[in-house]
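First the structure, in the form of structure tokens, and then the observations on it.
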Amino acid sequence: CAGLRGEVLMTHPKQNASILLVENDAVLRNEIRRHLQERGYDAVCASSQAEAEAWIGKQPFDLLITDLILEFSDSGFIICHHFRKAYPASRAILLSDVAAKTGMQFDLSGENARDWIHADAIMDQTIRMEQLDCLLSHLLS
């Protein structure tokens, strides 16, 4: 990860962190799951809002990675809300391709934005694994 002056910043994420991954695209879900497991994370996968809600509360999770649009256009927001309610100290990443499809962008820096989005970061769904690694390192350290 690059710092403000371009220097490389090394952080050490929590070893064996437990991650709930919610993605309805099987190819992307398997790619992210495999990447997480190669990095030593315990990844539990769900392909829908209903599956994700069934996992929440069953076991502790350190982090959530969820697609925004699943069964409904706001499924990711709802999952983040339930996740944060069950695990207040855990972190959440929202994956979205809404900007590419509609031009609409979500901004977490606005006043009260995190109160209704309930995510620590929003990433484009055309995810680069290096970006994910950097974000995980930051959120889980």
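Here, each number is a calculation from the coordinates, and none is a lab measurement. Nothing here was measured: the structure is a model prediction, and the numbers come from that model. Positions of Cβ are backbone-derived with ideal geometry, glycine not excepted, and every protein chain shown enters the neighbour counts.
How far, in nm, would the chain grow between Ser47 and Glu31 when pulled straight, counting 0.36 nm per residue and subtracting the alpha carbon separation?
Numbers: separation 16, 0.36 × 16 = 5.76 nm, distance 1.34 nm.
Gain on stretching Ser47 to Glu31: 4.4 nm.
The chymotrypsin sites (Phe, Trp or Tyr not before Pro) of region 64-97 that DSSP puts in a loop, and whose beta carbon has at most 16 other beta carbons within 10 Å, are Phe72. Take the Cα of Phe72, step 7 Å toward its Cβ, do the same at Asp124, and the gap between the two points is 2.9 nm. From the alpha carbon centroid of region 54-90 to that of region 26-46 is 16 Å.
Work out how much length Asp133 to Lys85 would gain on full extension: take 0.36 nm times their residue separation and subtract the Cα-Cα distance, in nm to one decimal.
Working it through step by step, the gained length comes to 14.7 nm.
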